[in-house]
1. For B:Ser36 and B:Glu96, what does the FRET efficiency come to when R0 = 45 Å and r is the distance between their Cβ atoms, rounded to the nearest 0.05?
2. With a Förster radius of 35 Å, plug the Cβ-Cβ distance of B:Asn120 and B:Asn25 into 1/(1 + (r/R0)^6) and report the FRET value to the nearest 0.05.
3. With +1 assigned to the C-beta of every Lys and Arg and -1 to the C-beta of every Asp and Glu, and no other charges, what is the dipole magnitude of chain B about the Cα centre in debye, to the nearest 20?
4. Of all the stretches in chain B, which is the longest one without any exposed loop site, taking trypsin sites (Lys or Arg not before Pro) in a DSSP loop (any state but H, G, I, E, B) with at most 16 other Cβ atoms within 10 Å?
5. Using +1 at the Cβ of each Lys and Arg and -1 at the Cβ of each Asp and Glu in the protein assembly as shown, identify which of A:Ala81, B:Gly138, A:Leu34 lies farthest towards the dipole's positive end.
6. Of B:Ala113, B:Ala43, B:Thr150, whose Cα points farthest to the positive end of the dipole of chain B (charges on the beta-carbon: +1 Lys, Arg; -1 Asp, Glu; origin at the Cα centre)?
7. Computed over the Cα atoms, what is the radius of gyration of the protein assembly as shown divided by 2.2 N^0.38 Å, N being its residue count?
8. How big is the charge dipole of region B:76-166 about its Cα centre, in debye rounded to the nearest 20, if each Lys and Arg gets +1 on its Cβ and each Asp and Glu gets -1 on its Cβ?
Amino acid sequence: MNAVAEHEAGAGGAALYVMVWVYLLGLTAVEVFLAYEHFFSTGVMLAILMALSVVKAGLIVAYFMHLKFERMNLILSLVPAVVIVISLLFAFFPDGFRVLELGVKP
Amino acid sequence: MAEGTLQAVQATVWDGGVSPYAVGNKKLGMWLFIASDSLTFSALLVGYSYVRLAAPQWPAPFHFWPSIVVATLMTLVLLSSSLTMVLGVRASQRGERRQAVRYVLLTMLGGLAFILLHANEWRELIHEGVRLWANPWGVPLFGATFFTLTGLHMLHVASGVVYLGVVAAGFARGRFTHEDVEVSGLYWHFVDLVWMFIFPLVYLLSVAL
């Protein structure tokens, strides 16, 4: 009952959800636009696209999935662990350049 | 007296307590599933990026029409289905049972539209000669990564539609509670979230210019 009470106090109204939805659509439009307008090199564009996607994911998690309105205890148990493990996946990444940099025929 | 003791324990969050997260066990279970599933998708996306980075060349077969337009439309459909889901959860929270079921059914419709559009995309690529192990551009890993990533995501959408159907039917009959609707919503938003990464990484970085 504690959970329900806390939840209801923090949950947003319909207008908030529609606004988040509009933001998500807007960010998607920016992404599609960037894919065609070559303002940046591929690497920079990749970074920008990923940053925009992280923002979109954050909006979905915070508002649609209500995590923003959950107890801090739950947020701290879930988010850092996932972020750290995903970061660890990139430990293999430099190895991806090996074939190209060393010029070995694949 | 037993109840009083329980509340005293619950009051001290950082000492553990009976319910340190203040969520039901179903919701906590779904959050743990989402944490682990997000790592599954992350591993696949990082694997795809790794393979693409190490490849001397990578095909860019997605033309503005139909691929990118349809993929953008699919993003719109999925985001809108997330909106109807969150409105359904809100309705169920307010006890508006019929309204909540209607919103969940709308969400399922969005999921079905996504699957149809995506299946058509697959059909066209397969028609062009793209397979799991080979394609006309001579980069077999393109098909392998594309079909694995989008296939696993489509499987999630498909099982999500079934899951929502079960929850909607049970909620309409009063067998399920608001918590069940909310937990199914968490799953649905997560499927939406994953697409937010697949769409730019797989489609937007492979546009045919």
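1. Details: r = 33 Å, r/R0 = 0.74.
For R0 = 45 Å, the calculated efficiency reads 0.85.
2. Approximately 0.30, to the nearest 0.05.
3. 400 debye
4. Working: sites that count: B:Arg94, B:Arg131, B:Arg173, B:Arg175.
The segment B:1-93 is the longest one with no such site.
5. Looking along the dipole axis, the top candidate is B:Gly138.
6. B:Ala113
7. The reported ratio for this selection is 1.09.
8. 500 debye
Values in this text are rule-based calculations from the coordinates and carry no lab data. All of these numbers come straight from a predicted model, not from anything done at the bench. Quick reminder, even Gly has a Cβ in these numbers, built from the backbone with ideal geometry, and neighbours come from all protein chains shown.
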